[in-house]
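The values are calculated or read from the model by the stated rules, or taken from the named source; none is laboratory data. Only a predicted model underlies this, so the values are computations on that prediction, with no experimental measurement involved. Every residue, glycine as well, gets a Cβ built from its backbone with ideal geometry; the counts of neighbours run over all protein chains shown. Quick note on the areas: whole protein, heavy atoms, side chains included, nothing else; ligands and nucleic acids left out. Shrake-Rupley method; radii C 1.70, N 1.55, O 1.52, S 1.80 Å.
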Amino acid sequence: MTRIKTFVTLTLLGGLAVVLPIAIFVMLFQWLFGQISEMVAPAAEWMQAHTRFKDNFARLLVIALILGLCFVIGLLVKTSVGRWAHRHLDYWLGKVAPGYSTIKELVLQFIGGGGSEGVLSGPVARARIHGAGNPLSVTAIVTSQHANGDFTVYVPTAPVPTSGFVYHLPPECVEILPHVTVEAAMKSIVVCGSGSGPLLAPPD
């Protein structure tokens with residue numbers, strides 16, 4: 001009886017290990033699609049009214065058109081005329097649209113554009129946010145190092161690393177992990193710390 005119970009339990013857990021990641025991925029995709037659908041709803045409604053495309057297909061088509069437009073704009077700004085137009089547009093928007101420059105800087109910091117490094121470009125570190133003598137540490141990404149040696153670090157939250165906290169710490173509270181990539185750190189955060197052994201292991 002014990003063997004049967006063990007067999008059933010292990011088999012069930014094995015099935016859950018396969019099904020749950022797929023189910024969670026599908027739910028996240030549905031949530032993300034719903035959020036984007038709300039944003040493009042006016043354009044999707046116009047397309048449904050003036051074409052034969054309906055419902056979700058119309059929304060997908062609108063999203064594809066937006067991504068295509070972004071790609072085309074990206075190609076245009078690589079040309080001398082595009083760079084000139086973008087520079088002048090940025091100048092005038094910065095003058096007449098309050099907050100535009102701040103938003104632009106924030107976006108460039110996250111994506112690493114504009115010749116500056118992005119927020120999520122590393123290096124990865126273990127930050128002791130309660131003091132160097134406290135054993136508690138968190139996975140962090142160094143975003144700035146100051147003239148006095150202090151660090152500013154970004155500590156992502158699990159399982160959504162795009163939200164988090166900013167801490168300003170003295171150097172003794174920040175242990176740089178040169179052997180850990182940002183991708184590895186983010187993967188560990190997304191899965192709530194599972195498989196974070198390599199992050200804590202000493203470098204080879």
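What to note about this one:
- Computed over protein heavy atoms with a 1.4 Å probe, the accessible surface of the chain works out to 72 Å² per residue.
- Taking every alpha-carbon pair under 8 Å whose residues sit at least 6 apart, the stretch 1-106 reaches a relative contact order of 11 percent.
- Shape call, the stretch 16-108: gyration tensor on alpha carbons, a/c limit 1.5: prolate
- Lys pairs, the chain - Cα-Cα below 29 angstrom, 8 or more residues apart or on other chains: 4
- Here is how the number arises for the chain: DSSP H runs of 4 or more residues each give -39500 (n - 2.57), the sum is divided by the residue count, and the result at 222 nm is -18000 deg cm²/dmol.
- Think of the chain as a dipole: +1 on every Lys or Arg Cβ, -1 on every Asp or Glu Cβ, centred on the Cα centre; then among 151, 33, 188, 33 lies furthest on the positive end.
- Ligands, DNA and RNA left out, the accessible area of the chain computed with a 1.4 Å probe is 70% carbon and sulfur.
- Cα gyration tensor shape for the chain, rounded if a/c is under 1.5, else prolate or oblate: oblate
- Anisotropy class of the stretch 142-190 from Cα gyration tensor, a/c 1.5 cut: oblate
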